[in-house]
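The values are calculated or read from the model by the stated rules, or taken from the named source; none is laboratory data. Here the structure is a predicted model, which is why all the values come from computation and not from measurement. With ideal geometry, Cβ positions are generated from the backbone for all residues, glycine too; neighbour counts draw on all protein chains shown. Heavy atoms of the whole protein, side chains included, go into the accessibility calculation; ligands, DNA and RNA do not. Shrake-Rupley method; radii C 1.70, N 1.55, O 1.52, S 1.80 Å.
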Amino acid sequence: MNNTNPSHSGPLSGVRVVEFAGLGPAPFACMLLADMGADVVRIARPDVPPIDPHDIVNRGRRTIALDLKAANDTMQALELIRHADLLVEGFRPGVMERLGLGPATTHALNPRLVYGRMTGWGQEGPLAHAAGHDINYIALAGALSLIGAPGGAPVPPLNLVGDYGGGSLYLVMGLLAGLLHARASGQGQVVDAAICDGVLSLLSNNHSHRMQGRLRDPRGSNMLDGGAPYYTTYETADGRYVAIGPIEPRFFRELCHKLELPDSFATLQNDQSRWPELQAAISGAFRRHSLAHWCERLEGTDVCFAPVLTPPEAALHPHIVARQSFVHVDGIEHTAPAPRFSATPGCIGRSPSAAPVSTQQVLRDWQVA
């Protein structure tokens with residue numbers, strides 16, 4: 001894997017992206033594009049302090065400092081957009097239009113431009129202009145209600161489900177689909193990526209199960225929400241935790257064998273009336289030994305086992321190390337580019353703290369007049 005080549009190798013080599021600096025899912029989407037080789041240029045306000053080199057989400061692109069309330073600087077932004085393939089902005093609806101940088105203006109200059117808009121609620125709708133964060137979007141979409149212990153409060157799953165799952169990844173997918181269409185037709189378009197929409201899409205399988213009558217309403221009472229004794233976490237003798245997920249009956253039989261439980265327990269897997277009994281038995285088994293013992297006995301087997309590790313521990317796990325899932329660039333530990341490509345490997349280019357460059361320098365590098 002090529003992790004540190006600043007020459008923009010990767011499947012998106014040659015793709016030009018203008019990013020308007022912001023917070024949350026839009027910068028992460030642009031990190032993914034840069035990791036895949038796109039030449040991403042970030043436009044930031046002149047008064048923004050230098051980026052911390054440990055802020056790896058902002059890696060891999062150059063920064064231009066522009067005051068978008070000044071006519072000359074807005075013209076420079078438009079000149080970059082005129083030669084770009086993709087644009088990414090994460091402001092509230094209407095902000096880019098007020099700056100003179102909305103889709104109507106930019107598509108008049110560059111009809112092939114794919115214009116990516118990242119918001120929580122979307123460009124239209126009663127909440128379109130309301131403030132919000134990940135927790136609000138996943139709450140309204142129904143995802144937050146499904147996460148947490150039975151009888152307890154919903155538990156925010158960091159900002160992985162909303163900002164990054166329903167936001168960044170759907171934005172990147174939309175941008176790349178739009179890019180394919182633009183290259184085939186010469187016609188760009190607007191990609192309205194709303195976190196709330198993306199989270200609803202992520203819940204499609206859950207929605208299917210609900211319509212089929214396969215889900216019960218209380219959280220923590222179903223197979224994938226911690227209710228099933230074979231798809232949850234258990235405490236070990238030393239106060240650590242393991243995660244198991246042997247959904248398939250043969251895998252569950254293997255777990256029962258490894259835990260030295262009676263053979264009859266393997267036949268009770270999907271009898272929900274016996275789940276409390278099964279959970280107590282499995283819990284008691286795991287509490288008899290340390291995490292290290294269970295890793296030695298269960299890791300790499302078909303019982304669908306993993307230790308619950310902290311992020312620093314995960315970076316040192318032999319599997320993560322073997323796949324080089326963390327790499328060091330200029331003394332900073334980075335997550336490696338993902339996914340992996342056999343013919344056009346991704347790379348980590350510039351440091352997040354690289355000094356700003358001029359618009360003219362970028363245009364020269366893009367070899368435009």
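If I stretch the segment between Gln367 and Ala322 completely, what's the gain in nm (0.36 nm per residue apart, minus their alpha carbon distance), one decimal?
So the chain would gain 12.2 nm between Gln367 and Ala322.
Quick one: angle between helix 169-185 and the longest Cα principal axis of the chain, in degrees between 0 and 90, rounded to 10, please.
Around 50 degrees separate the two axes.
Region 230-288: which GluC sites (Glu not before Pro) are DSSP loop and have at most 16 other beta-carbon atoms within 10 angstrom?
Answer in residue order: Glu260.
Once the Cα atoms of helix 25-35 and of the chain are each reduced to a long axis, what angle between those two axes, in degrees from 0 to 90 to the nearest 10, is obtained?
The answer is roughly 80 degrees.
For an R0 of 30 angstrom, estimate the FRET efficiency from the Cβ-Cβ distance between Asp67 and Glu124 and round to the nearest 0.05.
0.55
Is the shape of region 130-228 rounded, prolate or oblate, going by the alpha carbon gyration tensor and its root eigenvalues a ≥ b ≥ c, with a/c under 1.5 for rounded and a/b larger than b/c for prolate?
prolate
Given a 10 angstrom Cα cut-off, can you work out which residue in Ala34, Ala343, Ala314 is the most mobile in a GNM of the chain?
Looking only at Ala34, Ala343, Ala314, the biggest GNM fluctuation is shown by Ala343.
Quote to one decimal, in nm, the extra length available between Leu224 and Asp271 on full extension: 0.36 nm per residue of separation minus the C-alpha distance between them.
In short, 15.4 nm is gained.
Computed from the coordinates I sent, semi-axes √(5λ) of the Cα gyration tensor in Å equals one of (1) 30, 23, 20; (2) 45, 24, 17; (3) 35, 21, 19. Tell me the label.
So the structure-derived entry is (2).
Classify region 246-369 as rounded, prolate or oblate, taking a ≥ b ≥ c as the square roots of the eigenvalues of its Cα gyration tensor: rounded when a/c is under 1.5, otherwise prolate if a/b is larger than b/c and oblate if not.
Taking the square roots of the gyration eigenvalues as a ≥ b ≥ c, region 246-369 is prolate.
Report the residue, chosen from Pro49, Pro11, Pro150, that carries the largest GNM mean-square fluctuation when the chain is represented by alpha-carbon nodes joined by springs under 10 Å.
Pro49
Share of the chain's accessible area from carbon and sulfur, percent, 1.4 Å?
57 percent
Taking the DSSP beta bridges in the chain as the whole, what percent of them are antiparallel, to the nearest 5?
30 percent
With equal scatterers on the alpha carbons only and no solvent term, can you work out the Debye log10 of I(q)/I(0) for region 26-130 at 0.19, 0.22 1/Å?
Values, matching the q order: -1.11, -1.39.
Using the Kirkwood radius over C-alpha pairs as Rh, can you work out the diffusion coefficient of region 24-83 via Stokes-Einstein at 37 °C, viscosity 0.692 mPa s, in µm² per second?
Value of D from the Cα-based Kirkwood radius: 263 µm²/s.
Report the label-to-label distance for His133 and His181 in nanometres (one decimal), using points 7 Å from each Cα along the Cα→Cβ vector.
3.4 nm
Taking a cut-off of 17 Å, what percent of all Cα-Cα pairs in region 173-317 are separated by more than that?
Result for the distance tail: 69 percent.
How far is helix 71-82 tilted, in degrees, relative to the longest principal axis of the Cα atoms in the chain, given as a value from 0 to 90 rounded to the nearest 10?
The angle comes out at about 60 degrees.
Just want the answer: with Cβ charges of +1 for Lys and Arg and -1 for Asp and Glu, which residue in Pro11, Ile320, Ile282 is farthest toward the dipole's positive end in the chain?
Pro11
Only loop residues by DSSP count here, and only those with at most 11 other Cβ atoms within 10 Å; note down the trypsin sites (Lys or Arg not before Pro) in region 145-226 that meet that.
Arg214
Step through the residues of region 112-124 one at a time and calculate ³J(HN,Hα) from phi using the Karplus curve (6.51 cos²θ - 1.76 cosθ + 1.60, θ = phi - 60°), rounding each to whole Hz and writing x for Gly and Pro.
Coupling constants for region 112-124: 8, 5, 9, 9, x, 10, 10, 9, x, 9, x, 6, 10 Hz.
Would you mind counting up the charge near Ile147? Only other residues with Cβ under 12 Å from its Cβ, with Lys and Arg at +1 and Asp and Glu at -1.
Combined, the nearby Lys, Arg, Asp and Glu give 0.
Counting each DSSP H run of 4 or more residues in the chain as -39500 (n - 2.57), what helix-only mean residue ellipticity at 222 nm follows after dividing by all residues, to the nearest 500 deg cm²/dmol?
-9500 deg cm²/dmol
Show Ser13, Ser201 ordered by accessible area, largest first, where the area counts protein heavy atoms only and the probe is 1.4 Å.
Reading off the accessible areas and sorting them downward yields Ser13, Ser201.
Can you check what the net charge comes to around Leu261, using other residues whose Cβ is under 13 Å from the Cβ of Leu261 (Lys, Arg +1; Asp, Glu -1)?
Combined, the nearby Lys, Arg, Asp and Glu give 0.
Order the peptides 113-119, 359-365 from the highest to the lowest mean number of other Cβ atoms within 10 Å of their residues.
113-119, 359-365
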